[in-house]
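The values are calculated or read from the model by the stated rules, or taken from the named source; none is laboratory data. Just so you know, these numbers come straight off a predicted model, no measurement behind them. Glycine gets a Cβ as well: all are built from the backbone with ideal geometry, and neighbour counts include every protein chain shown.
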Amino acid sequence: MAKKKIQKRATPTIKKEKKNLKFIFISGGVISGIGKGVTSASISTILKSRGISVSPIKVDMYLNQDAGTIRPQEHGEVFVTDDGIETDQDLGTYERFIDQPIYRSNYITTGQIYAEVLRKERAFEYGGEDVEAIPHVTDEIIRRFYQAGKGADVVIIELGGTVGEYQNGIFFEATRIMTLRNPDDMIHIHVAYLPTPSYLGEMKSKPVQQSVRTLNSMGIEPDIIVGRSETPMDDKRKERIALFCNVDKKSVLSNPDVKSIYEVPVILEEQNAGDIILAKLKIAPRKRDMQSWRNFVRQIRSTKKELSIAVVGKYFGTGKFELADSYVSVIESLKHAAWANKTQVKLTWIDAVRVEKDGAKNVLTGFEGIVVPGGFGSRGTEGMIETIRFAREKDVPFLGLCYGMQMATIEFARNVAKLRNANSTEVDTVTKHDIVHIMPDQEKKLLVKDYGGSMRLGAWDCILKKGSKAEALYGVRKISERHRHRYEINNKYREQLEKEGLIFSGTSPDGKLAEIIEIPTKRFFMGSQFHPEYKSRPMRPHPMFDGFVKAAIKKPKIKVKK
């Protein structure tokens, strides 16, 4: 009787990968929201200042394939890239810091990994092997890391979540395997929190030590530890962390709380972070040029004048807390424009429902500018419309973004063009005047419940009307901006609204989609179907935000009548 052939189980091999491509893995410990994204962006900025090309990656551990279907209150803002993937807000942070576009290959989720592994299994690409976490899942993770690094010198990988969580263990295992294969090309930076309990008044390093021990249990020893704390870390704390975490003292970096996140690259570089990283990656020393960044930080610190801006949205509340993360790109864009105009923005978050309850006059009087950002659904829409009416009638500079532009068009239709009960079919499916309606291709997708990654996404061209404020702001006639929407302005009302004074100053190249509205008789009243906040940069503010802030600076506050 012939012996049964036993199929050998696949095992990971220690093999050499592409030479010269270096990797920095960045993990977080003790608490979530520690600032790994800002740390990753800051390190990218430091390396780029030395002429090193970088490719930052964000790894999210959830099983979603992208961030598009997650509530903003759940996971913060959804950021959209030029090539149209809906990502975590950290990719926006990367783009703003290094001033270069990030693409879909730079965003990885557990869902993407398992979907691809299962696709390969169904396609018999594993040749009949039993598919396992190691090597198949780890190999897919590693493949994507190298894919995202094409054309770069250094890949900076931010591992989402907190060390010790079940869901991110497979990614840590992949980094361990990569380090085993190419130890000279990999370093691990651990960002962890040092609390200072108020009842003690002393910074405690034990949580960091325990976090590093958890890393050690997975076969990973960090090369650099970044201590996040309310105040700068002292030498005593650095010495203890170095001793108990098995790193040299100079590789323990302090990253205290600061007024602006853009100070972090300067703070880390003052501790020679760049030189330390290059030495550990075995990259020859490079001359750094951070002067423009330092000048920018000085400008931020020296600016004292404040501009009072109201942001009226619907994604601030989560339980008893209010979160700004839902609109982080809008917030940063307003800051960029304010700093360029030698002022600071004092932002007030206002839930649109509050305007519905208390009235626009009672809630909004006294602000020098009003922004209505993006959103979905019916909650708070009447509050947004009343907010926009207040801004238009009182001539308070107004900027509407995506949903904010749609609500502005509805407000104008109701109160200027006298189209009673005008609305969006997203809010009222049987409205008589459907000023905003669903795009035909989007309606087909919703009928089959095709929600994920199916909106009008990514960069699209837009043509600006000659002589418009939009053209004056951009200085060109053709622009490209990023979108994320299913609904659009109904073209059958455009001529009627323009006769009443609402100008459609930006359209798609074929003229079929309204992209920008404005009222030229107002100091500043503009809205965009796209999201200009995705393309604003710290030292290069977006034209629409810059124009809005300039108008708000010149606009005197409305005094409350007693």
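Yes or no: I309 assigned to a strand (DSSP E or B) and at pLDDT 95 or above? Please lay out each step first, then the result.
On the way: assigned to a strand (DSSP E or B): yes; at pLDDT 95 or above: yes.
So I309 fits the description; yes.
Candidates are the residues of the range 365-382 that are more than 17 Å from V330 (Cα to Cα) and modelled with pLDDT under 80; the one that is surrounded by the most Cβ atoms within 10 Å (Cβ to Cβ) is S378.
Rundown of residues vs (1) assigned to a strand (DSSP E or B); (2) touching a residue at least 12 places away in the same chain (Cβ under 8 Å); (3) under 23 Å from F376 (Cα atoms), yes/no style:
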| site | (1), (2), (3) |
| --- | --- |
| L473 | no, yes, no |
| V476 | no, yes, no |
| R484 | yes, yes, yes |
| E488 | yes, yes, yes |
| R494 | no, yes, yes |
| E498 | no, no, no |
| I516 | yes, yes, yes |
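The single condition among (1) modelled with pLDDT of 95 or more; (2) surrounded by fewer than 16 Cβ atoms within 10 Å (Cβ to Cβ) that R298 does not meet is (1).
Highlighted here are the helices (runs of 4 or more DSSP H) found entirely within the range 253-306 that include at least 1 residues which are closer than 18 Å to R96 by Cβ and of a type in the set (G, A, S): 291-302. Annotation: of all residues in the range 211-225 being among the polar types (S, T, N, Q) and over 30 Å from the mean Cα position of the chain (by Cα), the one that is surrounded by the fewest Cβ atoms within 10 Å (Cβ to Cβ) is S217. Scanning the range 248-278 for residues that are in contact with an Asp or Glu (Cβ under 7 Å, 6 or more places away or on another chain) and either buried (at least 18 other Cβ atoms within 10 Å of the Cβ) or among the aromatic types (F, W, Y) (or both) returns a single hit, S251.
When the range 76-89 is filtered for residues that are outside any strand (DSSP E or B) and either farther than 20 Å from I170 by Cβ or at pLDDT 95 or above (or both), the ones remaining, listed by number, are G76, E77, V78, T81, D82, D83, G84, I85, Q89.
Take the conditions (1) of a type outside the set (S, T, N, Q); (2) buried (at least 17 other Cβ atoms within 10 Å of the Cβ); (3) at pLDDT below 95; I187 misses just one of them, which is (3). Residues in the range 263-317 that are in contact with a Gly (Cβ under 6 Å, 6 or more places away or on another chain) and hydrophobic (A, V, I, L, M, F, W, C): I309 alone.
Consider K280 carefully, then state whether it is in contact with a helix residue (DSSP H, G or I) (Cβ under 7 Å, 6 or more places away or on another chain), under 19 Å from I46 (Cβ atoms), at pLDDT 95 or above and of a type in the set (D, E, K, R). No. For the list (1) free of Cβ contacts under 8 Å to residues at least 24 places away in the same chain; (2) within 29 Å of G33 (Cα to Cα); (3) surrounded by 15 or more Cβ atoms within 10 Å (Cβ to Cβ), I need the number of the one condition that R143 fails. So R143 meets the others, but not (3). Of everything in the range 30-70, what is in a loop (DSSP other than H, G, I, E, B), touching a helix residue (DSSP H, G or I) at 6+ places or on another chain (Cβ under 9 Å) and on the phi < 0 side of the Ramachandran plot? Give them in sequence order. Once the filter is applied, which keeps residues that are in a loop (DSSP other than H, G, I, E, B), touching a helix residue (DSSP H, G or I) at 6+ places or on another chain (Cβ under 9 Å) and on the phi < 0 side of the Ramachandran plot, the range 30-70 yields I31, S49, R50, I52, S53, M61, Y62, L63, N64, Q65, D66, A67.
Name the single residue that is nearest to W339 (Cα to Cα) among those in the range 268-300 being under 23 Å from the mean Cα position of the chain (by Cα) and in contact (Cβ under 8 Å) with a residue 40 or more places away in the chain. Checking each candidate, the answer is I300.
Of the numbered criteria (1) modelled with pLDDT of 95 or more; (2) in a helix (DSSP H, G or I), the one E443 fails is (1). Kindly provide the set of residues from the range 198-249 that are within 28 Å of R181 (Cβ to Cβ) and touching a Lys or Arg at 6+ places or on another chain (Cβ under 8 Å), ordered by number. M218, G219, I220, D223, I224, A242, listed by residue number.
Hey, any hits in the range 343-353 for a residue that's crowded, with 19+ Cβ neighbours inside 10 Å, closer than 27 Å to K432 by Cα and not hydroxyl-bearing (S, T, Y)? Looking through the range 343-353, at least one residue is crowded, with 19+ Cβ neighbours inside 10 Å, closer than 27 Å to K432 by Cα and not hydroxyl-bearing (S, T, Y).
For the range 93-105, the criterion of being in contact with a Phe, Trp or Tyr (Cβ under 9 Å, 6 or more places away or on another chain) and of a type in the set (V, I, T) is met by at least one residue.
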